[in-house]
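Have a look at the structure below before the remarks.
The values are calculated or read from the model by the stated rules, or taken from the named source; none is laboratory data. The shown structure was predicted, so the numbers you read here are calculated from the model rather than taken from an experiment. All Cβ positions, glycine included, derive from the backbone under ideal geometry; neighbour counts span all protein chains shown. Side chains are part of the model used for accessible areas, which takes the heavy atoms of the whole protein and leaves out ligands, DNA and RNA. Shrake-Rupley method; radii C 1.70, N 1.55, O 1.52, S 1.80 Å.
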Amino acid sequence: MAENPLAIDFTGIPFENPFMLSSAPPTLDAKRVIRAAKLGWGGAVLKTVMEEPTVDPRTRLGAIRVHGKPIGMNNIELLSRHPLKTWTDSWIPEIKEKTPKDFVIVASIMSGPEPEGWTTMAETLSRTGVNALELNVSCPHGSPEKHMGAFIGQNPDLVQKVTKAAKKGTDLPIFVKLTPNVTDIVPIAKAAVQGGANALSAINTVESLIGIDIETATPLPFAYDAELSNPQSTYGGFCGPAVRPIGLRFVSQIAKALPNIPISGMGGIERWENAVEYLMVGASTLQICTAVMWYGFKIIQNLKKGLIQFIARKKYGTLSKIVGNALPNITSWTALPKLSPVVARIIHKKCNLGKECLVACADAGYQAIRMKGKQLVVDPEKCDGCGLCAVVCRANAIEFIKKP
Ligand SMILES: Cc1cc2nc3c(=O)[nH]c(=O)nc-3n(C[C@H](O)[C@H](O)[C@H](O)COP(=O)(O)O)c2cc1C
Ligand code: SF4
């Protein structure tokens with residue numbers, strides 16, 4: 001039988017494919033996870049559980065849009081609102097029973113800064129038969145106010161301490177989920193590994209204020225009171241395609257600093273190309289929340305198909321051959337070549353004469369673009385090779401060539 005090109009080993013766990021639902025609303029109960037497994041997801045990280053269930057504000061989701069399409073989402077939701085016992089005694093056994101043997105189930109746990117809670121939670125969840133545990137030390141809203149979540153994840157000593165405590169309660173692989181709300185993720189990642197982490201997951205959401213309803217001067221999303229009046233908000237967690245650059249940065253920085261630690265990458269994965277980007281910066285499994293919340297579980301079909309076709313077209317053979325491929329090409333600014341003889345050229349068969357490049361180059365570039373007859377042209381003597389024209393061109397009609 002032909003080898004499965006998407007199969008990958010992650011902390012000793014064989015994955016049928018690298019795509020997991022991340023810990024979030026798509027994994028908030030057993031029914032959803034079972035449906036996702038049937039549709040072909042490789043695994044799921046269950047919605048984070050604590051000793052006590054949480055309660056949420058309503059509403060709690062807001063979006064940032066470009067031309068009507070959401071590109072990023074903010075949430076002020078907390079963790080599982082269902083009792084721990086429901087998960088341990090009912091839902092996890094049901095998920096195990098009704099999903100294929102190779103579907104990977106990861107329980108996400110959270111406790112406070114004292115280590116004992118982490119040991120107990122790890123022991124409790126390990127008994128359910130899940131494949132691994134993910135430690136949520138990264139929720140950026142609500143939890144830090146109670147010295148949990150990102151409060152722990154921003155402090156290397158605490159990260160090491162709670163990871164070690166969780167290890168004490170389990171023999172299962174432990175993934176530590178890191179927060180992007182730090183200046184430097186490397187010391188935190190190292191602390192998790194020193195505490196015994198078998199893998200790192202990155203990133204959780206980016207703390208943000210997504211917008212203001214300017215008619216009512218209320219930040220979004222609103223939390224209403226019982227009379228649906230007096231709406232108020234707080235800083236929330238930003239996710240979706242708009243955070244992908246932040247996720248890629250953090251994952252690549254972890255992979256460069258800790259080349260032997262497996263990484264589960266996430267933050268804005270929507271299409272198979274984004275999955276390849278995360279693999280190339282060092283992730284070997286991938287987690288998705290927002291794209292599933294917006295477009296449903298069935299996106300797994302295109303994700304898998306696109307990735308299989310890419311592996312075949314590039315003759316990689318297996319997924320693991322992609323992992324980390326872009327890392328050698330990330331260097332320091334100082335080490336970058338400067339003032340190369342590169343200039344822009346307009347690809348006339350693609351150009352729709354939208355003239356975004358003309359406007360941008362005139363006012364913020366080097367006045368190198370003009371109309372010549374019925375065509376836009378670049379003057380190679382004036383062009384500085386800055387790349388602005390390619391950024392604004394909606395027809396993708398700019399290429400870069402050696403200065404003639
Ligand atoms: C509404 C919502 C709830 C979330 N709840 C959790 C959670 O309980 N535990 C957790 O570790 N991450 C939680 N996350 C973060 C996601 O798992 C993920 O790290 C983040 O959204 C980035 O991935 P994405 O861009 O694919 O959404 C939540 C995200 C959203 C949008
Ligand atoms: S690369 Fe910069 S300077 Fe050159 S044409 Fe484009 S916008 Fe103008």
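Quick notes on this structure:
- Where the alpha-carbon atoms of the range 342-402 are placed on the principal axes, they occupy 23, 23, 22 Å, in descending order.
- Virtual paramagnetic centre 7 Å along Cα→Cβ of Ala364, amide N under 16 Å, in the range 379-400: 384-394
- In the range 342-402, lysine pairs with alpha-carbon atoms under 17 angstrom apart (chain gap of 8 or more, or interchain): 8
- Convex hull volume of the C-alpha atoms in the range 219-280, normalised per residue: 119 Å³.
- Amide proton proximity set for Cys383, modelled H, under 5 Å, gap of 5+: none
- Amide H within-cut-off set for Arg271, under 5 Å, with H built and near neighbours excluded: none
- Helix-only mean residue ellipticity at 222 nm for the chain, each DSSP H run of n ≥ 4 adding -39500 (n - 2.57), per residue, nearest 500: -8000 deg cm²/dmol
- Share antiparallel - DSSP beta bridges, the range 8-329, percent rounded to 5: 40
- Tail fraction, Cα-Cα pairs, the range 31-88, threshold 13 Å, whole percent: 72
- Heavy-atom accessible area per residue - the range 286-404, 1.4 Å, Å²: 64
- FRET efficiency estimate (nearest 0.05) - Cβ-Cβ, Lys101 to Leu339, R0 56 angstrom: 0.45
- Measuring nothing but protein heavy atoms, the accessible surface of the chain at 1.4 Å probe radius is 54 percent carbon and sulfur.
- Longest site-free stretch - the chain; sites: GluC sites (Glu not before Pro), DSSP loop, at most 12 other Cβ within 10 Å: 4-214
- In the chain, the alpha-carbon atoms span a convex hull of 170 Å³ per residue.
- Degrees separating the helix 299-313 axis from the principal Cα axis of the chain, which is the longest one: 60
- Solution diffusion estimate, µm²/s, Stokes-Einstein, the range 1-151, Kirkwood Rh from C-alpha pairs, 4 °C, viscosity 1.567 mPa s: 78
- Subtracting the Cα-Cα distance of Lys355 and Lys374 from their residue separation scaled by 0.36 nm leaves 5.7 nm.
- In order through the range 244-253: 3J(HN,Hα) via Karplus (6.51 cos²θ - 1.76 cosθ + 1.60), integer Hz, x for Gly, Pro: 3, x, 6, x, 4, 4, 5, 4, 5, 5
- Folded to 0 to 90 degrees: helix 156-168 orientation relative to the chain principal axis, Cα: 50
- Given charges at Cβ of Lys, Arg, Asp, Glu: the chain dipole, positive-most of Gly40, Val186, Pro144: Gly40
- Note on Glu94 and Lys305: the extension gain reaches 73.1 nm, defined as 0.36 nm multiplied by sequence separation minus the Cα-Cα distance.
- The label-point distance for His67 and Asn329, in a model that sets each label 7 Å from Cα toward Cβ, rounds to 2.7 nm.
- Rounded to the nearest 10 degrees, the inclination of helix 30-39 to the longest alpha-carbon principal axis of the chain is 50 degrees.
- Extension gain (nm, one decimal) between Tyr295 and Ile347, 0.36 nm per residue minus Cα-Cα: 15.3 nm
- Rounded to the nearest whole Hz, the Karplus-based 3J(HN,Hα) values (6.51 cos²θ - 1.76 cosθ + 1.60, θ = phi - 60°) of the range 73-86 follow the sequence 9, 10, 9, 10, 8, 9, 10, 4, 8, 9, x, 3, 4, 4, with x at glycine and proline.
- Computed from the Cβ-Cβ distance with R0 of 60 Å, the FRET efficiency linking Glu215 to Lys38 stands at 0.85.
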